[in-house]
Amino acid sequence: MEALDGNAIGGVLREVFGVEMTTATGTCANCGTSGYLAEFEVYLQAPGKVARCRSCRNVLMVLVTVRGITCVDLGGFAEFEPPVSGGRAVPQ
């Protein structure tokens, strides 16, 4: 299975959150590595879309769409910060 970068799920995340999310930052709950969502490893061939930490391969995020509704599990993050827009954080 080929890994893509986080930009591969940018469109789905924009639909869910209503803003560009590839510049959001997250910290892996397993190893503590932080980075932009665009830098995560993404797999589209799994049951749903899976984002993993580039350092330890921990599952950070899972997106599953059923009957037109997308559910997002952010359970692999110790911290998840929305993107900054115009010097201010985007409301969550």
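Would you please name the residue that is nearest to residue 3 (Cα to Cα), looking only at residues in the stretch 55-66 that are over 9 Å from the mean Cα position of the chain (by Cα) and modelled with pLDDT of 95 or more? Going through the qualifying residues, I end up with 57.
Every test in (1) open to solvent by 70 Å² or more (accessible area, probe 1.4 Å); (2) assigned to a loop (DSSP other than H, G, I, E, B); (3) of a type outside the set (Ser, Thr, Tyr) is passed by residue 7 save one, and that test is (2). For the stretch 10-27, filtered to residues that are of a type in the set (Ser, Thr, Tyr) and outside any loop (DSSP other than H, G, I, E, B), the residue that is farthest from residue 58 (Cα to Cα) is 25.
The values are calculated or read from the model by the stated rules, or taken from the named source; none is laboratory data. Just so it is clear, the model here is predicted, and its values are computed rather than measured. Remember, those area values only see protein heavy atoms, side chains included, never the ligands or the DNA or RNA. Shrake-Rupley method; radii C 1.70, N 1.55, O 1.52, S 1.80 Å.
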